[in-house]
1. Determine whether segment A:87-104 contains at least one residue that is within 14 Å of another protein chain (Cβ to nearest Cβ) and in contact with a Pro (Cβ under 8 Å, 6 or more places away or on another chain).
2. Here's a check for you: in segment A:8-40, which residue that is in contact with a strand residue (DSSP E or B) (Cβ under 6 Å, 6 or more places away or on another chain) and more than 14 Å from chain B (Cβ to nearest Cβ) is most open to solvent (accessible area, probe 1.4 Å)?
3. Among the residues of segment A:201-227, how many are away from ligand 2 (no atom under 16 Å from the Cβ) and surrounded by 15 or more Cβ atoms within 10 Å (Cβ to Cβ)?
4. For the condition at pLDDT 95 or above and farther than 30 Å from A:Thr268 by Cα, what is the one hit in B:Ile124, B:Ile32?
5. From the residues in segment B:230-243 that are within 16 Å of ligand 1 (Cβ to nearest atom) and open to solvent by 10 Å² or more (accessible area, probe 1.4 Å), which one is farthest from the other protein chains (Cβ to nearest Cβ)?
6. With respect to B:Cys217, is the statement that it is farther than 30 Å from B:Ser128 by Cβ, more than 20 Å from the chain's Cα centre (by Cα) and among the hydrophobic types (A, V, I, L, M, F, W, C) true?
7. Restricting attention to segment B:51-88, report how many residues are over 16 Å from the mean Cα position of the chain (by Cα) and open to solvent by less than 10 Å² (accessible area, probe 1.4 Å).
8. With respect to B:Asn5, is the statement that it is within 12 Å of chain A (Cβ to nearest Cβ) and open to solvent by 60 Å² or more (accessible area, probe 1.4 Å) true?
Amino acid sequence: MSNIDLSVNIGSLKLRNPIMLASGTVGYGNEISEFSDLNKLGAIVTKSLSLKPRKGNPPQRIVETPAGMLNAIGLANVGVDVFLKEKIPFLKQFDVPLICNIAASSVEEYVECTRNLTSEETIKAFEINVSCPNVKEGGLQFGNDVNAVANVTAKVRAVTNKPLIIKLSPNVSYISEFAKVVKDEGGDAVSAINTLVGTSFNIFTKKPKIFNVNGGLSGPAIKPIALAKVLEISRKVDIPIIGIGGIMNWQDVVEFMIVGASAVQIGTLNFIDPTAPEKIIKQLEDYCIASNVEKLSNLTASYIL
Amino acid sequence: MFIVNSPVVETLQVHENIFIQKIHSPEIASIIKPGQFLNVRVSVNSFPLLRRPFSICDVNGENIFLMFNILGEGTKILAKKQKGDLIDILGPLGNGFNLEGEYKNAIIVAGGLGSAPFPLVTRIIKNSKNILSLVGGRSTQDIITYGMQNVQVSTDDGSQGFNGNVVQLLEKHLANIDNKTTKVFACGPNAMLRALKDFCIKNNLDCEVSTESAMACGFGICQGCPIESTTNDDKYLLVCKDGPVFNVKDVVI
Ligand SMILES: Cc1cc2nc3c(=O)[nH]c(=O)nc-3n(C[C@H](O)[C@H](O)[C@H](O)COP(=O)(O)OP(=O)(O)OC[C@H]3O[C@@H](n4cnc5c(N)ncnc54)[C@H](O)[C@@H]3O)c2cc1C
Ligand SMILES: Cc1cc2nc3c(=O)[nH]c(=O)nc-3n(C[C@H](O)[C@H](O)[C@H](O)COP(=O)(O)O)c2cc1C
Ligand code: FES
């Protein structure tokens with residue numbers, strides 16, 4: 001065994017390595033456990049949960065685009081109650097930190113979801129998805145409104161002592177302003193980034209390829225944008241960052257860490273190769289040995305400008 | 001469900017734009033069921049990014065067969081694979097056709113590339129059931145009868161066989177169909193499946209259809225492949241996990 005230390009801290013959350021599986025790309029863990037040993041991972045993040053089950057959008061929900069894909073799943077999920085009753089027992093068998101991602105259409109719903117989940121000991125942290133329409137305030141996404149993000153952070157903070165991560169939207173001019181209010185309101189970390197708004201049309205029918213017209217762009221196409229957003233936060237705000245966007249291999253993980261990420265999440269890659277996250281962890285260890293990096297977390301924000 | 005790298009044995013062009021690929025994959029061959037599918041990564045880099053789903057066309061010993069036409073970049077790359085090239089396959093996926101049961105007569109209804117899953121179906125039931133295969137297409141070049149038995153053809157333009165669509169061809173057989181001893185298995189474009197569903201429900205015929213959807217993962221983690229259920233309004237079914245084969249009564253097509 002090597003002496004390489006892959007562990008990372010995100011506030012009080014300790015992970016054995018920085019590789020987490022991103023919300024919406026692992027379901028609730030059962031399918032992916034057939035391919036990969038969940039116990040080897042840093043953490044897994046659930047599909048966004050809402051208070052009540054959500055049916056999601058009609059088909060077509062996804063379309064491939066150059067080096068990426070658009071999705072408009074519409075936050076289809078089983079809801080908090082079914083999650084606790086039917087999904088937690090499976091996840092309990094594993095020794096992998098479980099992070100619950102929450103989506104809601106009002107501040108009250110975010111609070112109630114968190115309150116209903118926080119006493120479940122299997123859940124080690126919360127990630128708040130603010131890329132959802134704020135139905136009470138005219139449908140503008142929480143994530144596009146600094147005050148709304150500040151408000152959600154403060155209100156959710158008040159009902160849980162568990163590490164609180166706010167997952168930021170990249171569809172804003174200055175993402176660091178959002179990271180700053182998260183820190184000011186007591187959030188422990190930010191995840192960056194969620195998907196970018198995009199669309200795709202069929203040139204023969206002149207119709208959108210996905211039912212919802214717009215979808216969220218993910219995959220390698222968004223990596224440079226995600227890196228720039230992580231770097232911006234890292235330079236402006238002193239808060240742990242979980243880097244997300246287009247990670248396809250271990251080199252991408254190292255790049256995210258160098259620009260400021262303490263840990264990363266892998267999303268779209270799980271669809272293509274669900275064994276990749278485990279392989280990447282092994283390759284990060286090999287990289288550390290080859291490059292004389294004793295503690296992987298020393299890479300975080302080690303950029304030279 | 002696992003991922004294997006399996007070598008191509010040969011890629012045959014059986015029609016103008018139809019390819020049959022024989023792949024040596026004992027792991028998949030020994031467990032895959034008719035109507036299940038495989039999600040194939042055609043390229044190791046990011047273009048195309050996602051895997052491409054293909055029905056299992058046939059199994060012979062340790063070899064599996066895919067049938068496809070060239071639609072876009074993914075199938076273009078796949079068609080170029082030669083003997084010895086490795087193919088990254090994730091599978092077996094989905095539920096497949098339920099071929100067992102008391103029925104005596106199997107009617108296979110295929111439209112265009114919807115013929116793909118039926119060589120294996122035919123191989124499995126040919127000694128125990130009477131098979132009638134109805135194969136339809138727009139025109140004679142769309143007719144694929146590879147690996148099928150007792151075939152009748154329909155074309156929309158009348159260039160081969162019955163002039164009309166394949167469900168109209170099925171209707172012509174209605175007088176000879178005993179719905180208590182007959183089961184229909186179908187795959188093809190949605191318009192065909194919709195007409196077939198109406199026909200089977202009206203005539204009280206047991207019918208399983210293989211459906212399609214855009215897919216990202218193929219194994220239930222992305223929620224990208226919903227299909228409306230007829231029994232549960234609160235939840236979509238997933239084509240990749242709950243299907244791709246459904247009883248026509250269970251889904252809105
Ligand atoms: C369960 C399942 C089984 C399948 N089995 C077979 C098979 O046995 N043989 C076969 O040839 N094909 C099969 N298909 C379809 C096959 O997956 C597509 O032909 C293939 O993905 C095309 O890839 P491409 O990169 O060549 O084309 P792309 O560039 O991906 O697509 C070309 C065009 O086809 C459209 N398209 C692609 N996939 C679909 C889809 N699933 N539904 C509607 N439109 C689509 C695209 O929007 C685009 O306009 C199956 C699909 C599913 C879901
Ligand atoms: C199909 C799909 C569904 C997603 N669902 C969610 C979700 O429910 N909640 C959420 O916070 N992010 C969701 N995401 C966003 C991912 O967690 C991640 O932020 C994004 O895909 C970028 O990472 P990637 O390029 O590695 O995929 C989803 C992404 C995809 C592709
Ligand atoms: S294709 Fe991902 S859930 Fe069906």
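1. no
2. A:Gly11
3. Just the residues of segment A:201-227 that are away from ligand 2 (no atom under 16 Å from the Cβ), to begin with: A:201-208, A:213.
Checking which are surrounded by 15 or more Cβ atoms within 10 Å (Cβ to Cβ) leaves us with A:208.
Matching residues across segment A:201-227 total 1.
4. On the way: B:Ile32 fails: farther than 30 Å from A:Thr268 by Cα.
Answer to the check: B:Ile124.
5. Within segment B:230-243, the subset within 16 Å of ligand 1 (Cβ to nearest atom) is B:236-243.
Narrowing further to those that are open to solvent by 10 Å² or more (accessible area, probe 1.4 Å): B:236-238, B:241-242.
Values: B:Tyr236: 6, B:Leu237: 11, B:Leu238: 10, B:Lys241: 8, B:Asp242: 13 Å.
Among them, the one singled out is B:Asp242.
6. Details: farther than 30 Å from B:Ser128 by Cβ: yes; more than 20 Å from the chain's Cα centre (by Cα): no; among the hydrophobic types (A, V, I, L, M, F, W, C): yes.
For B:Cys217, the condition - farther than 30 Å from B:Ser128 by Cβ, more than 20 Å from the chain's Cα centre (by Cα) and among the hydrophobic types (A, V, I, L, M, F, W, C) - is not met.
7. Total meeting the criteria: 4.
8. yes
The values are calculated or read from the model by the stated rules, or taken from the named source; none is laboratory data. Because the structure is a prediction, the values reported are computed rather than measured. Backbone-built Cβ (ideal geometry, glycine too); neighbour counts: all protein chains shown. Keep in mind that these areas ignore ligands, DNA and RNA; they rest on the heavy atoms of the full protein, side chains included. Shrake-Rupley method; radii C 1.70, N 1.55, O 1.52, S 1.80 Å.
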